[in-house]
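Structure record follows, encoded as structure tokens.
Values quoted throughout were computed directly from the atomic coordinates according to the rules given, and no laboratory measurement underlies them. This is a predicted model, so every value here is computed, not measured. Heads up, the Cβs are rebuilt from the backbone with ideal geometry, glycines too, and the neighbour counts pull from every protein chain shown.
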Amino acid sequence: MRIKRSQLGTALAAIFLLAAFSLWAGDSRPATAGSMNRYVSPTGSDRNDGSLAHPWATLNRAAQSAFPGLTIHVAPGVYNEAVVTKQSGAPPARIRFVSETKWGAIVRGHASVTWTNQGDYVDIVGFDISGDGRGGILNWGSGVRIVANHVHDIPASNCSGDGGFGIANANYEGYDNDIVANVVHNIGDLTRLCARVHGIYHSNLRGHLDNNISYRNQGFGIHLWHAATDVTIANNLVFSNHYGGILIGAGDSPHNGDAAFPADHITVANNIVVHNLNRYGIEEMGVTGNSNRYLNNLVYQNQNANWRLRTGRQSGTIEADPQFVNFQPDGRGDYHPRVSSPALRAGFCASGPASDIDGKPRPQNTACDIGPYESGPAVTNPWPPD
């Protein structure tokens, strides 16, 4: 998959959350706690003011009025629109788009991409996203967090050119983008092979790809390419992808395979990578550096082989059945580990996230578990996540 974009504008300077921002230009009223929230509902109207009592009807109307520090609360329901978010937040004053119920706000885009984000320091949290184009969430910004979304059933029918994706960090000059606790599946045409249609795609500096579940995608479950370096991929579950599990490499734009710009300083830790088809469980390709680490991963029955590393080194690997409660290759199973699972207390905690896909703190026992689910007593966590 090849994605190009000109350099983004300089990110906004840091802005204090309660600075005198207003939704409408020229309004000098000081910001209040209520003014930092706007609302969207299928029963609203874009002629409204976006307040709790008078919500807007579309995410695009909300996006047009976004400013640093604003949280946009989206009520459950179906939103038939291709969303484009352009405004930027700032490190202490992010712009947040939050589904009020996890996966309750359903976005169905009838365009090439269902949600395109062009702003910096933006959060996209908890949406159900599908469409009839080539991509689910396409991020051009920096400092962006894509968290706890369900991205699925996108045809991406053209394998040539730019390919397709569930979630993609696409700007080669971007940085510090996180893809966390998402479920991504059924991206592309599963009846034929394609190396350009992936579940999760990351192409820039730093960032965390943690606690995701990526399965039944036409290409790889997780794919790093172009200018990806200093990235952490931890505690994901990757299975039943049709071209391979996790791929680490660099090539094509912007450095065109120059050995001076490898995919390097990548940490791949605590992942469960099983039953992926045609190629490898965890693979290096293209230009890779000597400082890639593969720590405490569980790999099992990937079709070609579990590993194909060029320059990186693995340690703490487990090659065994992960013993899920109920493994089903189509995603309809229960992928929590059984009490007898070799994934329990076998993770490398220092390279993993501080909580699991459901927000349960890690570790619950003497050491953290491999995979997205941490064992132990159930924990009730508030929604949305921080």
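The table that follows gives values for the structure above.
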| item | result |
| --- | --- |
| Cα convex hull volume per residue for the stretch 231-276 (Å³) | 80 Å³ |
| Only Lys, Arg (+1) and Asp, Glu (-1) charged, at Cβ; the chain dipole about Cα centre in debye | 180 debye |
| Whole-number Å³ per residue for the convex hull built on Cα positions in the stretch 341-381 | 60 Å³ |
| Calculated FRET value between Glu100 and Arg293, using beta carbons and R₀ = 45 Å, to 0.05 | 0.70 |
| For the stretch 113-199, fraction of C-alpha pairs farther apart than 20 Å, in % | 30 percent |
| Length added when fully stretched, Ser65-Ala260, from 0.36 nm per residue minus Cα-Cα | 65.9 nm |
| Where Rh is the Kirkwood radius over Cα pairs, Rg/Rh for the stretch 191-267 | 0.98 |
| Efficiency of FRET between Val78 and Ser253 - r from beta-carbon atoms, R0 35 angstrom, step 0.05 | 0.40 |
| Fewest-first ranking of His226, His73, using other Cβ atoms within 10 Å as the exposure measure | His73, His226 |
| Kirkwood Rh in Å, taken over the stretch 85-141 so that all alpha-carbon pairs contribute | 11.8 Å |
| Listed residues Gly104, Gly174, Gly221, most fluctuating in the chain (Gaussian network, C-alpha, under 10 Å) | Gly104 |
| Spatial extent of the stretch 259-357: Rg and Dmax, with the Cα atoms as the point set, Å | 14.5, 46 |
| Label-to-label distance, nm, for residues given as Asp46 and Asp189 (7 Å Cα→Cβ offset) | 3.4 nm |
| Principal axes of the chain: Cα extent on each, largest first, Å | 61, 49, 38 |
| Two-decimal Rg to Rh for the stretch 145-297 - Kirkwood Rh, Cα set | 0.93 |
